[in-house]
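Right, one structure below, let's go through it.
The values are calculated or read from the model by the stated rules, or taken from the named source; none is laboratory data. Remember, it's a predicted structure, so these values are computed and weren't measured experimentally. Cβ sites come from the backbone with ideal geometry, for glycine too, and all protein chains shown count toward neighbours. Note: areas computed on protein heavy atoms with side chains; ligands, DNA, RNA excluded. Shrake-Rupley method; radii C 1.70, N 1.55, O 1.52, S 1.80 Å.
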Amino acid sequence: MKGSKNRALYGTFMIFMFWYALHFSVHSSVIPSPHETVITFIRIFPDLLLSHLLRSLGRITMAVTVSLIIGVSLGLWIGMNPKIDEIINPIIYILYPVPKIAFLPVLMILFGLGNLSKIVLITIIIIFQIIVTTRDGVKALTKELFYSVRSLGMNQIKIYRHLVIPAVLPKIITALRISVGTSIAVLFFAENFATQYGIGYFIMNSWITVNYTKMFSGILALSIMGLLIFKMIDYVESRLCVWIRVGKMNTDKN
Amino acid sequence: MIEVENLRVDYGEETALYEINLEIEKNTTCAIIGPSGCGKTTLLYALAGLISPKAGKIRINGEEQTGIRQSTGVILQDYGLLPWKTVWDNVALGLQVRKKSRNEIVPVVNQILEELRIEDLKYKYPVELSGGQRQRVAIARTLTISPDLLLMDEPSSALDAITKEQIQNLILRIFKNNPMTIVLVTHNIAEAVFLGQKIVIMEKAGIKHILDNPYFGDEELREKMDFYRICLKVRRWMEMKGR
């Protein structure tokens, strides 16, 4: 634990050093100094940044929740039924690499200019990762493990509860980690259109008004939000997937 | 009493078992031995009710096998422990599935853990255990349901020589202390002779020969010449060509 705190401090220190180096070498207001940014950040956080941040966080939470519910259910269904996999796999294979971000205009026409189109955009981008990871997680389970739990007298529901879901959980969490990174990037893009709230809007608006310190405060806020979400996922993982941590410790020991 | 009558199991186009006839008396042990791919594990799966035969019948205690029996314990080759459950939870699983209350589960699980000398491992996860310990946990899990039939697939194949013998001794002790029928599949001649009252020698999809083992049950058997004599007999049967 102490080690991880030290690592976080070291990471922050190095980034600030790099930032200072860039600030002094570029000699332009485009890269304000870290201390100026932090002061502005603290000053504008309660009244201005917080509300933008919360809007963005709301959109991400909504999109991630919807993606998890639909993606995991679909992934489990496809993974457990080879025939369904045969039907759906070619569709996923083609849709997965399509740059869905280009569909934002279409989504805005279909779902309006408000939150819904942005949430749908993030969802359709990250859901594939979750479906594919969940499906592959189920398919990686050996026939022997299924035999073993069936021989204990488990019915289909109990097999999901005791075998399938715990087995795919760590993989879903990994997919979630990747998805959150992607969803923040997508959100930033989506918030540049037809909205006046959200951290993406705030950053681009500060850029248009040539207020670089404010813009950097926004970037800082977005980064902190990303970091906090990551930390939260780490926490959830450490609570739900104890055996993974134990396994890692065991490997280190040997 | 297990009666297998003209059993046939197919995997797609391939016939895994053909015309299998076998009788195993109640509260005896039977070791099934044969080369890889001879269908011995398939026979075990069929006895467990995990796969349905293409033809033929399996009767256990007079009842025709139609699926998974409540009082059949199965230990598969990789032990089938769930990595996300502690030893205690893995052992309790069979009882949990049978909807027993916690008050009923706790004493049974603790007693069996103690019996198998693994009570100090109860909060550990399978990843922290050695192969022998994992096998003990898997055995403990099946014992909680008080099986009248215990099926084991290669119970000691993944273990080192010393642990192998310890697990075999443990299985023999369990058999002596609890009335049950044990069927085990193995490719190890010594294991078949030490643990099989009846030794079924298989070849591709069928039974080649059935041997009765008069020396079964002696815990010191490995130190006697009779053991090696019967091992040799099994070996000769395994090496003999054609049925």
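Leaving out ligands, DNA and RNA, and with a 1.4 Å probe, what % of the accessible surface on chain B is carbon or sulfur? Don't jump to the answer; show the numbers that get you there.
Numbers: 5110 of 10910 Å².
Roughly 47 percent of what the probe reaches on chain B is carbon or sulfur.
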Which distance in nm do the two modelled labels at B:Gln166 and A:Tyr93 give, with both placed 7 Å along the Cα-to-Cβ direction? 4.9 nm
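Counting each DSSP H run of 4 or more residues in the protein assembly as shown as -39500 (n - 2.57), what helix-only mean residue ellipticity at 222 nm follows after dividing by all residues, to the nearest 500 deg cm²/dmol? Before the final figure, lay out each step's value.
Numbers: 19 runs with 290 residues, N = 497.
Here the helix-only value at 222 nm equals -19000 deg cm²/dmol.
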Backbone HN-Hα couplings from phi across segment B:112-126 [Karplus 6.51/-1.76/1.60, Hz, Gly and Pro as x]: 5, 4, 5, 4, 8, 6, 10, 5, 7, 9, 4, 9, 7, 9, x
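Just to check, using Stokes-Einstein with a Kirkwood Rh over alpha carbon pairs, what's the diffusion coefficient of segment A:159-206 at 37 °C and 0.692 mPa s in µm²/s?
On the way: Rh = 12.8 Å.
It diffuses with D of about 256 µm²/s by this estimate.
Could you state the accessible area per residue of segment B:86-209 in Å², with a 1.4 Å probe and every protein chain left in place?
On the way: 4680 Å² over 124 residues.
About 38 Å² of surface per residue is accessible.
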Need one number for chain B: average projected area of the convex hull over its C-alpha atoms, nm². 13.2 nm²
I'd like the residues of segment A:152-186 whose 1.4 Å-probe accessible area shrinks by no less than 40 Å² going from the isolated chain to the full set of protein chains. A:Leu152, A:Lys158, A:His162
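Once A and B are treated as a pair rather than alone, how much accessible area drops out, both sides summed, in Å² to 100, probe 1.4 Å? If you can, show how the numbers build up before the last one.
On the way: alone 15290 and 11990 Å², together 25100 Å².
Buried: approximately 2200 Å² between B and A.
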Describe numerically, in nm with one decimal, the distance between label points set 7 Å from Cα along Cα→Cβ at B:Lys176 and at A:Met14. 6.2 nm
Residue list for segment A:207-230, given a label point 7 angstrom along the Cα-to-Cβ vector of A:His35 and an amide N cut-off under 18 Å: A:213-214, A:217
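Accessible area per residue for segment A:83-176 in Å², computed with a 1.4 Å probe and the full protein assembly in place, what is it? If you can, show how the numbers build up before the last one.
Values: 4640 Å² over 94 residues.
Accessible area per residue: 49 Å².
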Quickly work out the A:Thr209-to-A:Ser73 label distance, labels modelled 7 Å from Cα along the C-beta direction, and quote it in nm with one decimal. 4.3 nm
In whole Hz, what ³J(HN,Hα) sequence does segment A:26-35 give by Karplus (6.51, -1.76, 1.60; θ = phi - 60°), x for Gly and Pro? 7, 6, 9, 5, 4, 10, x, 6, x, 5
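By how many nm would the segment from A:Leu48 to A:Thr174 lengthen if fully extended, with 0.36 nm per residue of separation less the alpha-carbon distance? Provide the component values of the computation, followed by the final result.
Numbers: separation 126, 0.36 × 126 = 45.36 nm, distance 3.28 nm.
So the extension gain works out to 42.1 nm.
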Under-5 Å amide H pairs with B:Leu184, H placed in peptide plane, nonlocal only: B:Cys30, B:Ala31, B:Ile32, B:Met152
Apportionment of accessible area to carbon and sulfur, chain A, percent (1.4 Å): 71 percent
Throw me the Rg/Rh for the protein assembly as shown, computed over C-alpha atoms with Kirkwood Rh, two decimals. 1.13
The FRET efficiency for A:Leu57 and B:Gln70, from their Cβ-Cβ distance with R0 = 45 Å and rounded to 0.05, is 0.35
Take segment A:47-253, drop everything but the C-alpha atoms, weight them equally and run the Debye formula without solvent; then report log10 I(q)/I(0) at 0.15, 0.18 Å⁻¹ to two decimals. -0.99, -1.23
What chymotrypsin sites (Phe, Trp or Tyr not before Pro) in segment A:68-159 are in a loop by DSSP, with at most 13 other Cβ atoms within 10 Å of the Cβ? none
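Would you kindly calculate the mean projected area, averaged across all directions, of the convex hull enclosing the Cα atoms of segment B:141-243, in square nanometres? Each step should come with its number before you reach the end.
On the way: hull surface 28.3 nm².
Value for segment B:141-243: 7.1 nm².
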Taking the alpha-carbon centre of each part, the distance from segment A:46-119 to segment B:1-19 in Å is 49 Å
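Viscosity 0.890 mPa s, temperature 25 °C: Stokes-Einstein D of segment B:80-146 from its Kirkwood Cα radius, in µm² per second? Walk me through the numbers before you get to the answer.
Numbers: Rh = 11.5 Å.
In µm²/s, the coefficient rounds to 214.
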What is the distance in Å between the Cα centres of segment B:91-115 and segment B:125-157? 15 Å
Nearest 10, in degrees from 0 to 90: the angle of helix B:225-239 to the longest Cα principal axis of chain B is 60 degrees
With the 8 Å Cα cutoff and a minimum separation of six or more residues, segment A:47-253 has a relative contact order in percent of 27 percent
